[in-house]
Amino acid sequence: MSSVLTAVVARTELDREMTMKKVALRIMPFVFLCYLVNFLDRTNIGYAALTMNQDLNIGPVMFGWIVGIFFVGYCGSEVPSNLAYHRFGARIWIARIMVTWGLITIFCAFVQSPTQLLVARFLLGVAEGGFSPGMFMYLSGWFPARWRAKAMAIFLIGSPISSVIGGPLSSAILSLHQVGGLKQWQWLFLLEGIPAIVLGIYCFFTLIDKPAKAAWLNEDERIWLTAELQQEQAKIEQHYRMTLFQTLTNSRVLMLALTYLAGLIGLNGVVYWMPQIVKSYGLTNVEVGLVTAIPNLCGAIAMLIWARRSDRTGKRIWHVITASLFGAAGMIVASLMQETTYIIMGLSFALIGAFAFLATFWALPPAFLTGRSAAAGFALILTVGNMSGFVGPLLVGWIKEATHSYSGSFLMLSTFLLGAALLTALFGRRTRLLEDMDKQTGKP
């Protein structure tokens, strides 16, 4: 124990930064690539729809169901999957998830009816369930609080970057008409399912579960990082220790789940419809891929800048609220504009805000959740939040079919981002009230 304390005390600020830089360079490229492929396989349905919907006779509402049913399967499997992660560890469980979802993505290439695609998307959601909360837990087990938001943002930046890369890539794949007897959208699912299988196999043989097992850190670095994380966890558990049932019924966990739901409805309502929205302005498939990359690139840059500022200032609540309000403003602008250029600008602002919300939101749960409570809490937040993938695209489809316009959809999505800002403010107020009560009762 004395050697641990000596190592912790002796390390200078420069030593700590260099250690965390080494950790980031070793871990983040792989987890970023995994999430990029994850989001690509989750959202490529939007690009496949450019030719698939006509081939399979899929209308706007049915397309909303096909997109949304993924999240029904996803949410239903998240809590048990994350508890399995807690038991088996990241290496085994993340590898299992990735290989399974890669195989089902490939299976989507061979469906022959909307019903078959609906079933395949549901199974894809079940397969992917637990990946995101598992990765959040994995990163929380490597990055102490002061470095965590930036690490989460680097991981989550795979979401907009997948669209930046996936847009032009998917558009290029859609040019493979009748090659090998397969249609464009079949090639899309086939080629984009393979990387998940490859990465899953790589994950099984290379991923390190925790710092204490990392041979690429020297002894002092392993001792310091392990002790730093243990001290942080002990402090949180002393203040917020909860049973599994208490975690799943905790008011702050439920409030964060609703906040995440509202924020992601605003994000997913646009992401899955973006290719068809842009296509409706008379662009070719290749132009659609290039244009949709613009707002996603803006969102990726915003994620890194906003997360870094959040880590530097420590004002988590304020950053989440501001991002949500900015996203809502972008949606309102897009709903009011008539010219294509201004609509794309509005959607770019909306995605900047929505992605910045996503990057900074995930610094909030680890502040009071650890261990098994974190496994259950993260999974519950993601389970509720990811229902946005069902609600958002389906609402956009209904409004589009009813009004023959996307303007009403953008306005509707703005109200959810405003709701996310309000819920975050209420969470911040409740957290401060609880801290004040603890001080009055003498709790640490």
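The values are calculated or read from the model by the stated rules, or taken from the named source; none is laboratory data. Predicted model, so just to flag it, every value in this text is computed and none were measured. Note that we place each Cβ from the backbone using ideal geometry, even for glycine, and neighbour counts take in every protein chain shown.
Of note:
- Candidate set from region 170-185 (those that are part of a helix (DSSP H, G or I) and among the hydrophobic types (A, V, I, L, M, F, W, C)); member that is nearest to W101 (Cα to Cα): W185
- Filter result (surrounded by 19 or more Cβ atoms within 10 Å (Cβ to Cβ) and closer than 26 Å to A109 by Cα) within region 196-228: A196, L199, G200, C203
- Taking every residue in region 417-444 that is among the charged types (D, E, K, R) and pairing it with any residue that is at pLDDT 75 or above and assigned to a helix (DSSP H, G or I), at least 6 positions away or on another chain, the pairs with Cβ-Cβ distances below 8 Å are R430/S251; R430/R252; R430/M255.
- Scanning region 298-345 for residues that are of a type in the set (D, E) and over 26 Å from W273 (Cα atoms) returns a single hit, D311.
- Candidates I97, I45, I104, I66 - the one that is assigned to a helix (DSSP H, G or I), among the aliphatic types (A, V, I, L, M) and farther than 21 Å from L188 by Cβ: I97
- In region 279-290, the count of residues that are in a helix (DSSP H, G or I), within 22 Å of the chain's Cα centre (by Cα) and not small (G, A, S) is zero.
- Checking the stated criteria, T431 turns out to be within 20 Å of R148 (Cα to Cα) and over 16 Å from the mean Cα position of the chain (by Cα).
- All of L395, L336, L364 fail the test of being in contact with a Lys or Arg (Cβ under 6 Å, 6 or more places away or on another chain) and at pLDDT 85 or above, apart from L364.
- The set of residues from region 122-159 being in contact (Cβ under 8 Å) with a residue 60 or more places away in the chain, over 18 Å from the mean Cα position of the chain (by Cα) and in a helix (DSSP H, G or I) comprises A145, R146, W147.
- Those residues of region 19-64 which are farther than 18 Å from T206 by Cα and free of Cβ contacts under 8 Å to residues at least 24 places away in the same chain, in sequence order: K21, N53, Q54
- The listed residues are A302, A376, A354, A350, and the only one of them that is surrounded by 24 or more Cβ atoms within 10 Å (Cβ to Cβ), without any contact (Cβ under 8 Å) to a residue 60 or more places away in the chain and either part of a helix (DSSP H, G or I) or touching a Gly at 6+ places or on another chain (Cβ under 9 Å) (or both) turns out to be A302.
- Scanning region 281-328 for residues that are modelled with pLDDT under 80 and of a type in the set (S, T, N, Q) turns up T284, N285.
- Filtered residue count, region 370-423, keeping only those that are of a type in the set (S, T, N, Q) and touching a Cys at 6+ places or on another chain (Cβ under 6 Å): 2
- Those residues of region 305-328 which are surrounded by 18 or more Cβ atoms within 10 Å (Cβ to Cβ) and either more than 22 Å from the chain's Cα centre (by Cα) or polar (S, T, N, Q) (or both), in sequence order: S310, T322, S324
- Residue match in region 78-96 (condition: more than 18 Å from the chain's Cα centre (by Cα), of a type outside the set (A, V, I, L, M, F, W, C) and at pLDDT 85 or above): yes
- Positions within region 379-400 being part of a loop (DSSP other than H, G, I, E, B) and surrounded by fewer than 24 Cβ atoms within 10 Å (Cβ to Cβ), in sequence order: M387
- Boolean, W101 is touching a residue at least 24 places away in the same chain (Cβ under 8 Å) and under 20 Å from V72 (Cβ atoms): yes
- If you check I277, I265, I201 for being at pLDDT 90 or above and under 24 Å from S409 (Cα atoms), only one passes: I265.
- Failed item, numbered, when V253 is tested on (1) touching a Gly at 6+ places or on another chain (Cβ under 7 Å); (2) under 30 Å from F63 (Cβ atoms): (2)
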